[in-house]
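So the structure is just underneath, and the comments pick up after that.
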Amino acid sequence: MEEVRRYKCNFCQKLAVKKETIERHEKICIHNPEGTNCYMCECSYLDDYDDGNDYSRVIKDQCMCAFNEDVVSAIFRDGNIASNCPMFHRSDRIYWYRTYDQANKYVGQYIFDEFVAIVEGYQTGKNLK
Ligand SMILES: [Zn+2]
């Protein structure tokens with residue numbers, strides 16, 4: 001018998017043999033209050049996914065992104081694109097608590113905020129190069 005070493009996420013029960021696997025996971029772990037992932041983003045919501053192809057089936061209960069208007073699992077693999085997404089805003093609730101209308105309201109708000117910041121930047125000369 002051989003004793004083996006395992007690494008465990010500080011936020012959930014996930015285990016891995018490689019330390020790097022858990023280091024990578026902890027950054028996107030949905031239980032990490034600082035974790036960046038699409039599943040905890042205010043712009044995500046629960047819905048059935050229909051890719052519009054007549055030959056493929058509708059996939060039930062998916063994490064959808066209201067900003068990209070697509071299913072998170074297909075575009076973003078682990079949902080870890082969140083760290084590069086301008087729309088990422090972590091919520092304290094996971095995606096299945098939101099409907100499309102709620103998520104889309106956040107998208108609209110954040111796009112508006114971005115627009116206001118750009119306009120203010122011009123007004124104060126900050127954006128002038
Ligand atoms: Zn975890």
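The values are calculated or read from the model by the stated rules, or taken from the named source; none is laboratory data. Keep in mind that what you see is a predicted model, and the values were worked out from it rather than measured. Cβ placement follows ideal geometry from the backbone for every residue including glycine, while neighbour counts extend to all protein chains displayed.
Look at the stretch 99-124: where a residue is closer than 17 Å to C63 by Cβ and a partner is of a type in the set (A, V, I, L, M, F, W, C) and surrounded by 13 or more Cβ atoms within 10 Å (Cβ to Cβ), sitting 6+ places away or on another chain with Cβ atoms under 6 Å, you get A103/C43; A103/A66; N104/A66; Y106/C43; V107/C43; V107/A66; V107/F67. Scanning the stretch 63-73 for residues that are closer than 15 Å to N37 by Cβ and not β-branched (V, I, T) yields C63, M64, C65, F67, N68, S73. Can you find even one residue in the stretch 83-103 that is in contact with a Lys or Arg (Cβ under 9 Å, 6 or more places away or on another chain) and modelled with pLDDT of 90 or more? Checked the stretch 83-103: at least one residue is in contact with a Lys or Arg (Cβ under 9 Å, 6 or more places away or on another chain) and modelled with pLDDT of 90 or more.
Restrict the check to the stretch 55-67 and report whether at least one residue is in contact with a Pro (Cβ under 9 Å, 6 or more places away or on another chain) and more than 15 Å from H89 (Cα to Cα).
First, the residues of the stretch 55-67 that are in contact with a Pro (Cβ under 9 Å, 6 or more places away or on another chain): 67.
From what is left, the residues that are more than 15 Å from H89 (Cα to Cα) are none.
No; the residues of the stretch 55-67 include none that is in contact with a Pro (Cβ under 9 Å, 6 or more places away or on another chain) and more than 15 Å from H89 (Cα to Cα).
For the stretch 6-33, give me each residue that is more than 23 Å from H89 (Cα to Cα), more than 7 Å from the ligand (Cβ to nearest atom) and part of a loop (DSSP other than H, G, I, E, B). Correct list: R6, Q13, V17, K18.
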